[in-house]
Amino acid sequence: MRMGTQSRQYSFAASAIPLTLLAVFVVLSVSQPANALPAFARKYGLRCSACHESWPMLNYFGQKFKDNGYQLMNDRDAPIWQNASYWPITLRMTPFWSRESTSKAAVDTAPTGEQRMTTTGFNLSGLDILTGGTLEKNFSFLLVPSADEEGAFHFESVNVRFDNLFKSPWLNVKVGKFELDSFISEKRTLTLSESGGEFQLFHFIPVGDGNIFGQVGDNQIGAEWMGHSGNDRTRLSAAVFSSTDGNVDVPYGQNSYTGFFAGSQAFSTGKLGVQRIGGYAMYGVAPTTYLTSGGVPLPGSGIGNKSFSRVGFEGLFYLGPHLDFQVFTQHGEDSAWFGACYGEIMAGTCPDTNNNTTGILPAGARNPTWNGAFVETHYVYSPQLTIFQRSEWVRMSQQAFATNPSNLGDIDNYVVGYRYNPFMTSRAGFAFHNEYSWIRQRGTSPVTGTDLSSNSLLLGFDFDF
Amino acid sequence: MRITLHKSLLCTAAVVMVFPLASLAQQTKADFEARIGMESHIGHVTGHAKSAQYDYRRYCVGCHGDRGDGMGENFPWVDPKPRDFQLGIFKCRSTPTGTLPTDQDLSDTIGRGLDRSNMPPWNVFTDQQKADLVAWVKHFSPRFASEKPGTPIQIPAEPEVTADRIKAGREVFARVQCWKCHGVTGEANGPSASTLQDDLGRPIAAFNFTEGSRPKCGSSDQDLYRIFMTGLDGTPMPSFADNIKPDEAWDLVFYLRTLMSEPSKEKAIAKQLGLKPVDTNAPAQPSGQQ
């Protein structure tokens, strides 16, 4: 249930300051010495901070643990070593208060058809039920049923993995639905707000584009090989998956696949810490032509594959134990067919009529291309307190149609906030989270097609057990 | 009167807030502050205890505790129990029994981890991080302030494996009664195995050579040699430096390889020889006889 008010003349100070003070008071009053995916923390007796730079973002040790198939490699990984009552399950949810404001909402009574709309109120995040771990030494699984805030479930992750095949850390295979292998993980982002919770580049689709399949941030269904050096300094992976954007039952193409390749190298820089640089490439094809029945596209009938690609660099740089930067870049390109809004017509992203049955490309259509980057900074005062910011920019370099404004769809996104864990143990996770974010996309307001901006203020209690 | 009451309440609040902090500060000061300048020297890297506070809190404190006494929040739940750094007694050393380990020894333990315990291999740390943590570990124990580490034992060059050496190693295994704890087949089921306790009176298991685990203090031939020549201080595993000659120690290393589950040249030779487990009823032979 959502409780909220709408007001054009919102008094920010009147609502936010008392709430902030109350929250800070509550947090400080129970302050003790901080946390992680507690299912693993409970299993191994490590505090969350051992694996997480700031929960849920992984640090180097946590990345190595994950790359080893959720194993510490201390010969205590198999479940036979656990107390029989150990149950590897974690629940995560975030009750919060937020203020959401959008500059141009379509409103019937507004003179231009648009006006600013601001909503404040208490709310809930979705629920993640995370369960994962080893089935036997070098055999592990991850299962994450997730619900949106209204309780509608889907499977965010479901995979089994086989690690250290032939006793080699270079042979690890994963099959199922999984997060693509970027060491900068959106699933583990520190940001939670409506306008700043996502990495825009992980989901960017040009305005009017019909390609939902190239979203780096969506978990995909397929198989992945991953190899790494013993100390995880060098990591390589290659995945192949159905071009379905992670949807089950292969609802789109008959033979549409995407590949994702990633590699990175870490190196020590003495007192500064361990730096990691890498790159990724995603290349795939997805359908633009569907058989129809009664005019309705038939699931799984898609042919007429067209291509898309995403490539970029990523880096995680430390300037001592307290300060780090994540840098992510992307150059993206879609086939002109997608740019003309062919492709995803099953769920209504593009109109049903955009069914490529003639093979004739709409006049003037060309491949949309774009470039983007973000820099996320974390100042980790202590394992219990992290101050963060992210600045992200996406710029179209070629529109699908020359008649489009050159900056149509460009995005600017800025987030700043902090997470404070009032206590930290190896049993559960709890963080007070305060974040402000602002986003603007060019030319996408619903009525006038002018710039659209939104901002969010979030005060939440992020917990998992 | 109101003002006086107000002031009184403020003073009381101040005292209530300050006393626990002062008390905590005193404990820390009394126990450890004098040694906070502790350094470690590993290769060309100098570690500083002060610089490791952040990493210790992030990675180690859950088991080893704020005061390094092994009484972190996980103490009740983990087995073996976390090391009590305040005692200054360490299993994995290159130095003779009873002496302090070198800084390199402590760094190696951090990087290697301790198999079959909750201590994982922290080989993601930089050399500097490990050196700082070594200094931090040392600052918990007064021993490191008053004693120097022992001199690392000399490990002679590893000889060629031969059938005779393996047979000789078997005799050493019998003579120094390794089987009493480790069992005649190396399965940790010797007659004394169930009675073993560490120096703190906690039950402790002998190493099972047959289940594929890595020995806690390293798995190379040199590591095995070192383990029984230095002993594992704080455990029932003694040093055999006074009982085994260096050549015999290598023989024993080769024999132990035959007990391990991993394929090895020694194992192949033992199979060809049809080598049987030691006979615990056979009369003991003096050193040097086969």
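Coordinate-derived values only; no laboratory data. Keep in mind it's a predicted model, so treat the numbers as computed, not measured. Heads up, the Cβs are rebuilt from the backbone with ideal geometry, glycines too, and the neighbour counts pull from every protein chain shown.
List the aspartates and glutamates whose alpha-carbon lies under 20 Å from that of residue A:104, not counting same-chain residues fewer than 8 positions away?
Straight-line reach from residue A:104, under 20 Å: A:114, A:194, A:410, A:412, A:451.
Report the Cys residues of chain A lacking a disulfide-compatible partner, meaning no second Cys Cβ under 4.7 Å from their Cβ.
A:48, A:51
Using a cut-off of 16 Å between alpha-carbon atoms, which lysines can reach residue B:265, once sequence neighbours fewer than 8 places away in the same chain are excluded?
Within reach: B:167.
What's the local net charge at residue A:405, with K and R +1, D and E -1, over the other residues with C-beta under 14 Å away?
Residues near residue A:405 contribute 0 overall.
Using alpha-carbon pairs under 8 Å, 6+ residues apart, how would you state the relative contact order of chain B in percent?
18 percent
By average Cβ neighbour count within 10 Å, what is the ranking of A:74-86, A:254-266 from highest down?
A:254-266, A:74-86
Quick one: of A:64/A:167; B:245/B:271; A:66/A:187; B:50/B:216; A:137/A:167; A:43/B:81, which pairs are farther than 18 Å apart, Cα to Cα?
Long pairs (Cα-Cα over 18 Å): B:245/B:271; B:50/B:216.
Divide the volume of the convex hull of the Cα atoms of region A:274-365 by its number of residues and quote the answer in cubic angstrom per residue.
128 Å³
Go through B:106, B:151, B:179 and say which Cα lies farthest out towards the positive end of the charge dipole of region B:93-249; charges sit on Cβ, +1 for Lys and Arg, -1 for Asp and Glu.
It is B:179, whose Cα lies furthest towards the positive end.
Putting +1 on Lys and Arg Cβ atoms and -1 on Asp and Glu Cβ atoms, find which of B:239, B:218, B:253 reaches farthest to the positive end of the dipole of region B:163-273.
Sorting the options by dipole projection puts first B:253.
Taking a ≥ b ≥ c as the square roots of the eigenvalues of the Cα gyration tensor of region B:163-273, is the shape rounded (a/c under 1.5), prolate (a/b larger than b/c) or oblate?
prolate
Over all directions, the average projected area of the alpha-carbon convex hull for the protein assembly as shown comes to how many nm²?
So the mean shadow area of the Cα hull is 42.1 nm².
If you average 1/r over every pair of different alpha-carbon atoms in chain B and take one over that average, what Kirkwood value in Å do you get?
By the Kirkwood definition, the hydrodynamic radius is 21.4 Å.
Go from 0 up to the bin containing the longest alpha carbon distance in region B:37-146, width 10 Å each, and give me the % of pairs per bin.
16, 52, 31, 2
Mind checking which aspartates and glutamates have their Cα closer than 12 Å to the Cα of residue B:276? Skip sequence neighbours fewer than 8 apart in that chain.
By straight Cα distance, residue B:276 reaches B:171.
Short version: ³J(HN,Hα) in whole Hz for each residue of region B:139-145, in order, from phi by Karplus 6.51 cos²θ - 1.76 cosθ + 1.60 (θ = phi - 60°), x for Gly and Pro, what are they?
Couplings: 5, 6, 10, x, 4, 6, 7 Hz.
Would you mind working out the magnitude of the charge dipole of the protein assembly as shown relative to its Cα centre, with +1 at each Lys and Arg C-beta and -1 at each Asp and Glu C-beta, to the nearest 20 Debye?
Here the size comes out at about 1260 debye.
List the GluC sites (Glu not before Pro) within region A:79-172 that fall in a DSSP loop (any state other than H, G, I, E or B) and whose Cβ has at most 10 other Cβ atoms within 10 Å.
Here the GluC sites (Glu not before Pro) that fit, given the DSSP loop and packing criteria, are A:150.
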